[in-house]
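Each remark here refers to the structure printed beneath this line.
The values are calculated or read from the model by the stated rules, or taken from the named source; none is laboratory data. These numbers were taken from a predicted model, which means no experiment stands behind them. Every residue, glycine among them, receives a Cβ derived from its backbone with ideal geometry; neighbour counts consider all protein chains shown. With ligands, DNA and RNA removed, areas are computed over all heavy atoms of the protein, side chains included. Shrake-Rupley method; radii C 1.70, N 1.55, O 1.52, S 1.80 Å.
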Amino acid sequence: PHRADSCNQATAANTRPIMQKVLIALFATGAAALAPAPATGVAANRRAALQKVAGAVAGALALPQVASADGAVSTATVARSRGIYGGRIAALSGAVSKGDFAAVADEKNAFILFNSGAYQLKTPAAKAAKAVAQEGTANIFAAVDAKDAGKLKAAYAAYTKNAGIDLTPAKESVMGGQGFGSDYDWKNRTPKGTVYQR
C-alpha cells in the first residue's frame, strides 16, 4: 500500500505542469470564444456559437479534475500524522509535569499539525474529534499564556486522552524486529524506526 501511495503521489506531481498548461489553454480558448466577433454573416455567428460551446464544455470537463486535486487522504497519511506529531506531543509529558511553558510553546506546531493530519478523513466522527482536539489545543496554550501549571497539566492530560496519544510507549529494540519497511514509512527516522540486527 505504501508503494502504491507513493506512485500515485509521483504521478499526480508529474501531471500537475501538464494540467496547468491544459487549463491555461482552455481558459484562453474560453476568453477567445467570449470576445466580440465581427458580425459578417451567418457563418461568423455559427463559428462564434461553436467557440462558446467548445469553451464551456472544455471548462466543464476541466473543473472536476481541478476540484479533486486536494491531496492524498488515506489511513496511511492519518497514521503518519498520528505517529510523527503524536510522538512529539507525547515527548512533552516531562516538560508539562515540570511546568516548562517554553518547551510546550516551542512545540505548538506539533499540535497544529497533529490536529490537521490525524483528523483529515471526511467523516462526521473525524470532524467531531478534530473540533475537540482544537478546543484542547486552545486550552493548552491558554494555560501556557497564563503560566498556569495546574491548568496546563489538566489540559494536556485531557488532550492526550481524547486524541489517543500513548504517553508511555514501549521502548523499541533493534532485536525486536524491523521497525519500518521503506523510506516512505512514517516510522523511518523516528525512534520507532529500528533496523533489525542479528
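Points worth noting:
- Residue match in the range 115-135 (condition: β-branched (V, I, T), closer than 24 Å to W186 by Cα and either open to solvent by 70 Å² or more (accessible area, probe 1.4 Å) or out of contact with any Ser or Thr (no Cβ under 7 Å at 6 or more places or on another chain) (or both)): yes
- Filter result for the condition that a residue is open to solvent by less than 10 Å² (accessible area, probe 1.4 Å) and not small (G, A, S), over I84, I89: I89
- Residues (farther than 17 Å from A149 by Cβ, part of a loop (DSSP other than H, G, I, E, B) and in contact (Cβ under 8 Å) with a residue 12 or more places away in the chain) located in the range 92-127: Y119, Q120, L121, K122
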